[in-house]
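Peer 1: Just passing along the structure, written as structure tokens.
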Amino acid sequence: MTLFVGLGNPGSQYEETRHNIGFKIIDKLVNDFGARDISKTSFHGKLYRSSNILFLKPTTFMNLSGKSVQPVKQFFKVELEDIIVIHDDIDLPFGAVRFKRGGGHGGHNGLRSLDAHITKEYLRVRIGVGKPEHKSQVADYVLHNFSSDERVILDQLITHVSDACKLLLVEDLNVVKSTCSLKSISSLQQ
């Protein structure tokens, strides 16, 4: 059983924010796989299933994401190495895509919550959203919508990342890293 987790915040006011890129990828995957909704209140999120693949959008708000992932992991007996978390990363330029297993949370409260609930050795799909000039602006920055320039190529980025996620189901992590990592959005436009 593989569990894809997209990090984000519930509610229409957050739908188009940088912090919700994980939700957007899950929406695309759910659509592509024709997954059905199997949500239960105890999962604290929207959970979809297609065969032996689960797709989760925690509805706990970002800072409590682990509270949603842990019960799903336990109920379906998902191994830690079969959990793939898709999230925004301000330490990467907009459109950069990286893959790694484990590591620190880098100040990301969603990852901090996951680390506390399920430990750190899950696979991460890091999607660069750029960063503000000043550290004090981070919370405001990630909760703002993508700029009009960014929105122009957002669909391309979402498609690229969801294709990479599909590849993770059948290929070794190193193969996916070498074929799907991006330095920036311009790598996608070539």
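The values are calculated or read from the model by the stated rules, or taken from the named source; none is laboratory data. Being a predicted model, the structure only gives us computed values, none of them experimental. Here Cβ is always computed from backbone atoms with ideal geometry, including for glycine, and neighbour counts include all displayed protein chains.
Peer 1: Filter the stretch 51-67 down to residues that are outside any strand (DSSP E or B) and either more than 20 Å from LEU80 (Cβ to Cβ) or under 14 Å from the mean Cα position of the chain (by Cα) (or both), then give me how many there are.
Peer 2: Residues flagged as outside any strand (DSSP E or B) and either more than 20 Å from LEU80 (Cβ to Cβ) or under 14 Å from the mean Cα position of the chain (by Cα) (or both) within the stretch 51-67 amount to 7.
Peer 1: Under the condition of being touching a Leu at 6+ places or on another chain (Cβ under 6 Å) and assigned to a strand (DSSP E or B), which residue from the stretch 35-50 is farthest from SER162 (Cα to Cα)?
Peer 2: Selected residue: GLY45.
Peer 1: Hey, another quick one. Kindly check whether there is at least one residue in the stretch 70-79 that is among the aliphatic types (A, V, I, L, M) and under 15 Å from the mean Cα position of the chain (by Cα). Walk me through it before giving the result.
Peer 2: Of all residues in the stretch 70-79, those among the aliphatic types (A, V, I, L, M) come to 72, 78.
Filter once more, so that each one left must be under 15 Å from the mean Cα position of the chain (by Cα): none.
No, the stretch 70-79 contains no residue that is among the aliphatic types (A, V, I, L, M) and under 15 Å from the mean Cα position of the chain (by Cα).
Peer 1: Could you figure out which of (1) in contact with a helix residue (DSSP H, G or I) (Cβ under 7 Å, 6 or more places away or on another chain); (2) exposed (fewer than 13 other Cβ atoms within 10 Å of the Cβ) isn't true of ASP149?
Peer 2: (1)
Peer 1: Still on this structure, please answer the following. So for the stretch 100-112 (the condition being surrounded by fewer than 19 Cβ atoms within 10 Å (Cβ to Cβ), within 26 Å of ASN174 (Cα to Cα), of a type outside the set (Gly, Ala, Ser) and touching a strand residue (DSSP E or B) at 6+ places or on another chain (Cβ under 7 Å)), does at least one residue qualify?
Peer 2: Within the stretch 100-112 (the criterion being surrounded by fewer than 19 Cβ atoms within 10 Å (Cβ to Cβ), within 26 Å of ASN174 (Cα to Cα), of a type outside the set (Gly, Ala, Ser) and touching a strand residue (DSSP E or B) at 6+ places or on another chain (Cβ under 7 Å)), the answer is yes, since at least one residue qualifies.
Peer 1: Please verify whether GLN156 is assigned to a helix (DSSP H, G or I) and either closer than 21 Å to VAL5 by Cα or at pLDDT 95 or above (or both), treating the condition exactly as stated.
Peer 2: yes
Peer 1: Restricting to the stretch 175-186, and then to whatever is in contact with a strand residue (DSSP E or B) (Cβ under 9 Å, 6 or more places away or on another chain) and assigned to a helix (DSSP H, G or I), can you tell me which residue is surrounded by the most Cβ atoms within 10 Å (Cβ to Cβ)?
Peer 2: ILE185
Peer 1: Whether any residue in the stretch 28-35 is surrounded by fewer than 19 Cβ atoms within 10 Å (Cβ to Cβ), more than 18 Å from LYS73 (Cβ to Cβ) and aromatic (Phe, Trp, Tyr) is what I want to check.
Peer 2: There is at least one residue in the stretch 28-35 that is surrounded by fewer than 19 Cβ atoms within 10 Å (Cβ to Cβ), more than 18 Å from LYS73 (Cβ to Cβ) and aromatic (Phe, Trp, Tyr).
Peer 1: Continuing with this model, one more query. Tell me, yes or no, whether the stretch 163-170 has at least one residue that is at pLDDT below 95 and either surrounded by 18 or more Cβ atoms within 10 Å (Cβ to Cβ) or among the aliphatic types (A, V, I, L, M) (or both).
Peer 2: We begin by selecting, within the stretch 163-170, every residue at pLDDT below 95; these are none.
There is no residue in the stretch 163-170 that is at pLDDT below 95 and either surrounded by 18 or more Cβ atoms within 10 Å (Cβ to Cβ) or among the aliphatic types (A, V, I, L, M) (or both).
Peer 1: Another question about this same structure. So which of VAL78, VAL85 ends up being part of a loop (DSSP other than H, G, I, E, B), at pLDDT 95 or above, closer than 28 Å to SER178 by Cα and in contact with a helix residue (DSSP H, G or I) (Cβ under 8 Å, 6 or more places away or on another chain)?
Peer 2: Exactly one of VAL78, VAL85 is part of a loop (DSSP other than H, G, I, E, B), at pLDDT 95 or above, closer than 28 Å to SER178 by Cα and in contact with a helix residue (DSSP H, G or I) (Cβ under 8 Å, 6 or more places away or on another chain), namely VAL78.
Peer 1: Identify all residues within the stretch 113-122 that are crowded, with 21+ Cβ neighbours inside 10 Å and either modelled with pLDDT under 95 or not in a helix (DSSP H, G or I) (or both); write none if there are none.
Peer 2: TYR122, the sole residue that qualifies.
Peer 1: Another question, if that's okay. Name the single residue, out of those in the stretch 1-16 being surrounded by fewer than 20 Cβ atoms within 10 Å (Cβ to Cβ) and in contact (Cβ under 8 Å) with a residue 24 or more places away in the chain, that is farthest from GLN70 (Cα to Cα). Spell out how you get there, then give the answer.
Peer 2: Restricting attention to the stretch 1-16, the residues satisfying the condition of being surrounded by fewer than 20 Cβ atoms within 10 Å (Cβ to Cβ) are 1-2, 10-16.
With in contact (Cβ under 8 Å) with a residue 24 or more places away in the chain added as a condition, the list becomes 1-2, 10, 14, 16.
Numbers: MET1: 15, THR2: 14, PRO10: 18, TYR14: 23, GLU16: 26 Å.
Ranking the candidates gives GLU16 first.
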